[in-house]
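Worksheet for the structure shown next.
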Amino acid sequence: MKPKVHWISPIPEATTDIAHYTYRILPELAEATDLTVWTDARHWDRATEAFCPVRKINPHETLPRDFAKAGHGDGPDVIFIHIGNSWAYHAGFLTLARRIPSIIVLHDLAIQEMLHDAMRFAGFPRDIYEAEMLRWYGPEGLAAAQDVLSRRSGANVLSETYPGFHLCLDHAAAVLSHTPAAFDAVKATGIVPAYQLDLPFRPSASAPSAKRAPDGPLRLVQFGHIGPNRRLWEVLEALGPLKGEIDFKLDIMGNVWDRSVLSEKLEQFGLEAHVQVHGFVPEPDLDAALAQAHLVFNLRYPTMGEASGSQLRIWNAAAAAVVTDLGWYGSLPDDTVFKIPIDGEIPALQDLIRRVNADRTLGETLAQTGRTRLEDRHNPALYAKGIAEIAQHFPEDAAKSLQARRARETLAKVPHPAPLYDAALKKRL
Amino acid sequence: MRIGVLRTQVPFVHGGAERHAANLVAALNQYGHEATEITLPFKWYPGEVLADHILAARMHDLSEFEGVPVDMAIGLKFPAWLAHHPNKLYWILHQHRAAYDLWSTGDADLMHDPDGDALRALIHAEDRAAFTASPHPIYANSGNVAGRLKTYLDLDATPLYHPPPNAERLWQGDYGDYLFAPGRINPSKRLELILRGLAATRSKIPLVIAGVAENPGYQQDLHALALELGIANRITWLGRVDDETLLRHYAEARAVVFVPQDEDYGYITLEAMLSGRPVITCTDSGGPLEFITDGIEGRVTAPKPADLGQAFEEVMSDPTGAERMGQAGLARYTDMQITWEHVVDTLVGRSDQQVHPLPVEEGTSAPEDTATAPAEAPPELSPQEQAVQTLTAAIAPPSAPEDLPFANIEEVLAAYAFDELPGLLGDHAPPIDTGLANYLGTHWTRYMTTLRALDGIPVTSALDVGVFPPLVFQALLANQFPGIRMAGLWEGPDPYVQTVRSVQEGAFPGFDIRLEAVNSERDPWPYPDDSFELVTGMEILEHLALDPYFFFSEANRVLKPGGHILLTTPNIVSHRGVSKMLNGIAPYSFGIFVPSGGVYGRHNREHGPKDLPDLGQAAGFETVLIRTVDVYDRTIDPKIAEMLVERGDDLTLRGETIFYLAQKASAPKGLPKRFYHGDPTRMTGTLSVASVESATGLTRITVQNGSNQWWSVGGDHATCILAEWIDGAGDLRHQHLMQPITAPIAPHSAGEIALRLDPEGIQDQGTLRLHLYQSGVGTMTGSGRAPTLTLPCSQDAFLRVVKSTPLPGDVT
């Protein structure tokens, strides 16, 4: 019997990696499971419905009866909720994940920006946030969170020490992540089973060439949702001094978090003629740009170990990327990406750009190896099979998780810590 | 047997389930058991509270109260049946239907709770675990309830019907001219369907309705519907009625109408049958369909007003047919053996016919049908034969664990290289020593019974006390508990280390083990606190000669919180022990001397089943299981069996080997005094010379209290000194008890005494031997934990010491 899976995720038209990821795996996922996709968006790309039914979810009100009614198939209802760091797509899902037992698909450990935006824009209750910060991170964590709330610090900085993913765990039956670091972090909480699968990506039918133009301007690309941790300002600062030395062109494709600052930076570093800001572009255009790029910037700091859908896209295009030597990026094989340290980031970037410019074939082998890794480990069929297997465990995981949660909450009400209660629970459960 | 009947209680609600439990308890008591209801309050909403109540039910331990075991628990309702008891039997009234059939039909309140899916999974998991852990067959209140169990959990249950509350008082009158619809009034009983059926008739059939609505609004709706349908003047609403009125209407109606939706069981059907009335019911009514066949004992129609109305017309127009069906119903009821006696016999046996006193399973020496079809003993059996059969069943061993990959000892011996030596000599598959196999084979049933006692207990680390090679039981544990870490204590004299591997590489789990050489009742066990999840002592307790409480206390110390101790030991008061005694033979199971094995080679004290819980409780254990089983010899003296049965003995405690399983619940509480002369917990200490003044002979002696108790200097069990003087020829000449200790000595602390012996230069003319002594008891030397101190001493010096040292009674 196939599991009856309810997949609660952003889907196209949403312009986010997680939406693209879901869309990419739909054929295989619909084959491996009795699948229903749920979204809280008002509009979605009807093409999604070619693979499975798409339903609208109300994060505040949806109940098991709705899943039972909407799904198809005979298996038990298994709910996957996707959590990422963008409030626009995940604030509602956070609310749902804190109401309904589910398997959390954790795309980011560091979700403080989403949490703070959810409070500002989506009505996520501040008192609950503060209580949870105190519970998980102690008085220091709460104080740091309050610094962000009073604008004395940034949520991205808060994430470095107090990533925030714990706030999704209380009702979770299990957590699926895509990197060893995230898997370990979840496992370390000790309250919920952790699963790990490699992030899927459907490789283009034919492997593109890794060869790049031997002459002409050096083609550089940065793309995606470009928030503060994507290091765009540092990239621009590195490029500024090179503009007289190297003929380059940087295409920025995607959404830059602060366009006005971007304009200031371009002016500050005199890069207006070397940088073209596109905004979001259709995927074929992006892939075409990557196919010409000598180097793609895929830096992260801070990073809490999340896997990068962007990196998979870069490998798919057989392009060479530079990443920060931290977290998931740092765990990638050295023969698949260029890595630079966060200390001395700008000189290291400048050095790499000079080397790539001097030898336009420098990234060729990296790009080919990356493409092979993509095909071997990240194919959607493998991923869908993993999802079906995880779903089979859901009833057992959900039952245990509920029991453990109630035991935790009961113990939390004890006025004084009492090891005897722990011992009694351990004995009977 | 002492039996607890488990049910849930919704405070202030009293209905069929409550009456059912009370009637079961009454029946159990009537047939010789000691039964009581054990109720747990139950609230099932919102979902979080339901989860809490499941958790709370799980936390209850019903295995014993006030030190007296509860022999069996009968689970009637969820979640009360989740409470802990090692010998549970289920007679399912109904499961928590919101997680089962009501979920499937979309009618479950759980579907409207955010935790609904998780709760449903939790309830399924809890029920499945509880039902499959029971050593007994599962019984259901009805075939309908059994069918749901099969549908949703794929578990089999046997329907076991019981009489309705008024069974003895129901009577038959004439077949009157009205239909009767008694019972609780709520939507699931579908009174509106009856009203619409009545409206569909052409003749003016009267209907009498007895009962009150749980929700007054619903009753008003029904009245309004009757008005709307134009049948209000044909209906008599009796409301709540006394029993006499109820019985009279059963007796005098033409037929009884009962059309619930998917009823679990339904007393109304049975009450109608006992009153000789046909029952009109519907094809989706559930329980009634197990008793009523259309046209035989009543009418079964589609749940549609027109069909129901037609059945009403037919029954009312044919009084002869109604009588025929009513009498057929009564005959069917009688044929079905729906009596409390049958219920008690099936569930637990009458007190002289115990059927499920213990987990008796298929494949044992118990009569084959006892586990599933107890019924009555065949009439041709004599009382003695019946008694033998009953006793045999009570102490029969369980079957081997299902997943054990070995069927007998030969297979274990063939599977493992228990000794590294043959392998080192190049012989990797030496032939099995048949003598060894024969010897170990006699213990096979005990091994299996021991493993079964561990059912459901997760074990990752175990210490076996009193083990010796070949480590066969460890091999069984390694198969039952993959990855288990094991250690052992043995007599020594050296530690024993062995790597045991599967003969065929990888076929079975191997293990490494180290046995420490320790006297387990004397020496501290060489492990830190909280080291193991399981301590086993198999056939060891009876060899202890000095201090079993020390054994239990050390087991407590090295066990992790909640860890288990499992002991097996001969039962000196078994039916065989009783037989020996009455025939003038000492009741030991093994009463011979074993000079080659020293004092520990023989059985020093065999125990009765009540000894172990007493020792265990004193040492901080909570009994999980106490049972006895005939694991070696299956012969039973019929006269003894008859006598034990006649005495009303608890036969479950008359088997030859005791199996005691207990859980660490607290620190040791204190010595169980009934087992001891003196207090061994204080009998650890040393005497040693601290200094000697050669000019005066003043000898200062350190008195070290090595026990965990204070040493007092006066009163009961005070610590004092026995001084003995041995002359130069080696003959003991004087013994003198004295009290040179001047102040109490704290646990693991030292005091000092001063004795003026001989100054330097005096020729040795004898020896002074000092013993630590427990006042009123004797020397501590015998405990093995308090050696003597010997010093050169002349008789003059000895006499001086005697004169100058206070006596024990002088010091307070």
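The values are calculated or read from the model by the stated rules, or taken from the named source; none is laboratory data. Keep in mind it's a predicted model, so treat the numbers as computed, not measured. Cβ atoms come from the backbone with ideal geometry, glycine included; neighbour counts cover every protein chain shown. Only protein heavy atoms, including side chains, enter the accessible area calculation; ligands, DNA and RNA are left aside. Shrake-Rupley method; radii C 1.70, N 1.55, O 1.52, S 1.80 Å.
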Exercise for review: Give, in nm to one decimal, the length gained when the segment between residue B:10 and residue B:407 is fully stretched (0.36 nm per residue of separation minus the Cα-Cα distance).
Suggested key: 138.1 nm
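Kindly provide the Kirkwood hydrodynamic radius of segment B:455-563 in Å, to one decimal, from all pairs of distinct alpha carbon atoms.
14.4 Å
Cβ under 13 Å from residue A:193's Cβ, residue A:193 left aside: what net charge do those residues give with Lys, Arg +1 and Asp, Glu -1?
Summing Lys and Arg as +1 and Asp and Glu as -1 gives -1.
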Point to revise | Rg/Rg_globular for segment B:406-523, with Rg_globular taken as 2.2 N^0.38 Å and Rg from C-alpha atoms | key: 1.06
Check your understanding: What is the gain in length, in nm to one decimal, between residue A:343 and residue A:60 on full extension, counting 0.36 nm per residue of separation less the C-alpha to C-alpha distance?
Key -> 97.5 nm
Review point. Which whole-number value in Å² is the accessible area per residue of the protein assembly as shown, probe 1.4 Å?
Key: 41 Å²
Check your understanding: Which parts of segment A:98-116 would a label at residue A:157 reach, counting a residue when its backbone N lies under 20 Å from a point 7 Å out along Cα-to-Cβ?
Key -> A:110-116
Study note, to complete from the structure: Taking a crude spin-label model, label points 7 Å out from Cα along the C-beta direction, the residue B:634 to residue B:582 distance in nm is 2.3 nm
**Study point:** Efficiency of FRET between residue A:204 and residue B:332 - r from beta-carbon atoms, R0 51 angstrom, step 0.05
**Key:** 0.10
Exercise for review: Positive end of the charge dipole of segment B:179-330 (Lys, Arg +1 and Asp, Glu -1 on Cβ, about the Cα centre): tell me which of B:186, B:258, B:238 has its Cα farthest that way.
Suggested key: B:238
Review point. Trypsin sites (Lys or Arg not before Pro) within segment B:165-202: which are DSSP loop residues with at most 10 other Cβ atoms inside 10 Å?
Key: B:202
Review point. Taking the Cα-to-Cβ direction at residue A:134 and at residue B:166 and moving 7 Å from each Cα, how far apart do the two end points lie in nm?
Key: 6.1 nm
Review point. Do any of A:187/A:265; A:69/B:189; A:211/A:243; A:400/B:664 go past 30 Å between their Cα atoms, and which?
Key: A:187/A:265
Study note, to complete from the structure: Cα convex hull volume per residue for the protein assembly as shown, in Å³, equals 278 Å³
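For a Förster distance of 51 Å, can you work out the FRET efficiency between the beta-carbons of residue B:184 and residue B:647, rounded to the nearest 0.05? Numbers along the way, then the final one.
Numbers: r = 47 Å, r/R0 = 0.91.
Using R0 = 51 Å, I get an efficiency of 0.65.
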Exercise for review: Output ³J(HN,Hα) for segment A:198-209: one whole-Hz value per residue in order, computed from phi by the Karplus curve 6.51 cos²θ - 1.76 cosθ + 1.60 with θ = phi - 60°, and x for Gly and Pro.
Suggested key: 6, 4, x, 7, 8, x, 4, 4, 10, 6, x, 6
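In peptide B:109-116, what is the residue-averaged number of other protein chain Cβ atoms found within 10 Å of each Cβ?
On the way: counts 1, 3, 7, 4, 4, 10, 11, 8.
Shielding by partners across B:109-116 averages 6.
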Revision key, fill the gap. Relative contact order in percent for segment A:200-283 (Cα pairs under 8 Å, 6+ apart) equals 33 percent
Study note, to complete from the structure: Length-normalised contact order of chain B, Cα under 8 Å, at least 6 apart, in percent, tallies to 7 percent
Point to revise | Rg ratio (alpha-carbon, reference 2.2 N^0.38 Å) - chain B | key: 1.29
Exercise for review: For n ≥ 4 DSSP H runs only, could you compute -39500 (n - 2.57) per run for chain B, divide by its residues and tell me the 222 nm figure to the nearest 500?
Suggested key: -8500 deg cm²/dmol
**Study point:** Percent antiparallel among DSSP beta bridges (both partners in segment B:2-159, rounded to 5)
**Key:** 10 percent
Exercise for review: Along Cα→Cβ, 7 Å out, is where each label goes; now give me the distance between the ones at residue B:19 and residue B:242 in nm to one decimal.
Suggested key: 1.7 nm
Point to revise | Neighbour count of at most 11 Cβ within 10 Å plus DSSP loop: longest GluC sites (Glu not before Pro)-free window in chain A | key: A:62-244
Exercise for review: Treating only the Cβ atoms of Lys and Arg (+1) and Asp and Glu (-1) as charged, compute the dipole magnitude of the protein assembly as shown about its Cα centre; round to the nearest 20 debye.
Suggested key: 1960 debye
Study note, to complete from the structure: Residue by residue through segment B:67-82, the couplings from Karplus 6.51 cos²θ - 1.76 cosθ + 1.60 with θ = phi - 60°, in Hz, x for Gly and Pro, are x, 9, x, 8, 6, 8, 10, 10, x, 9, 9, 7, x, 4, 6, 8
Exercise for review: Only Lys, Arg, Asp and Glu count, each charged at its Cβ (+1, +1, -1, -1), so figure out the dipole size of chain A about its Cα centre, rounded to 20 debye.
Suggested key: 1120 debye
Review point. Looking only at Cα atoms, what is the convex hull volume of segment A:1-126 per residue, in Å³?
Key: 100 Å³
Review point. Helix-derived [θ] at 222 nm for chain A: sum -39500 (n - 2.57) over DSSP H runs of at least 4, divide by residue count, nearest 500?
Key: -14000 deg cm²/dmol
Exercise for review: Tally the DSSP beta bridges in the protein assembly as shown and give the antiparallel ones as a percent, rounded to 5.
Suggested key: 35 percent
Study note, to complete from the structure: Low-density loop trypsin sites (Lys or Arg not before Pro), segment B:593-644, at most 10 other Cβ within 10 Å, DSSP non-H/G/I/E/B, are none
Revision key, fill the gap. For segment A:218-377, the charge dipole (Cβ of Lys, Arg +1; Cβ of Asp, Glu -1; about the Cα centre) points to a positive end, and the Cα of A:341, A:356, A:282 closest to that extreme belongs to A:282
Point to revise | Added length on full extension, which subtracts the Cα-Cα distance from 0.36 nm per residue, residue B:284 to residue B:382 | key: 30.4 nm
**Study point:** Relative contact order of segment B:638-725, defined on C-alpha pairs under 8 angstrom at six or more residues apart (%)
**Key:** 18 percent
Practice item. Please report how far the C-alpha centroid of segment B:71-139 lies from that of segment B:667-720, rounded to the nearest whole angstrom. Key: 58 Å
Study note, to complete from the structure: The answer for GluC sites (Glu not before Pro) in segment B:654-751 that fall in a DSSP coil and have at most 14 neighbouring Cβ atoms within 10 Å is B:693
Practice item. Using +1 at the Cβ of each Lys and Arg and -1 at the Cβ of each Asp and Glu in segment B:409-668, identify which of B:426, B:578, B:593 lies farthest towards the dipole's positive end. Key: B:578
Review point. For segment B:179-330, rounded, prolate or oblate, judged on the Cα gyration tensor with a ≥ b ≥ c (square roots of eigenvalues), a/c < 1.5 rounded, else prolate if a/b > b/c?
Key: rounded
Review point. When DSSP beta bridges are limited to those with both residues in chain B, what percentage is antiparallel, rounded to the nearest 5?
Key: 50 percent
Check your understanding: Taking the Cα centre of chain B as the origin, how large is its charge dipole in debye, to the nearest 20, when only Lys and Arg (+1) and Asp and Glu (-1) carry charge on their Cβ atoms?
Key -> 1420 debye
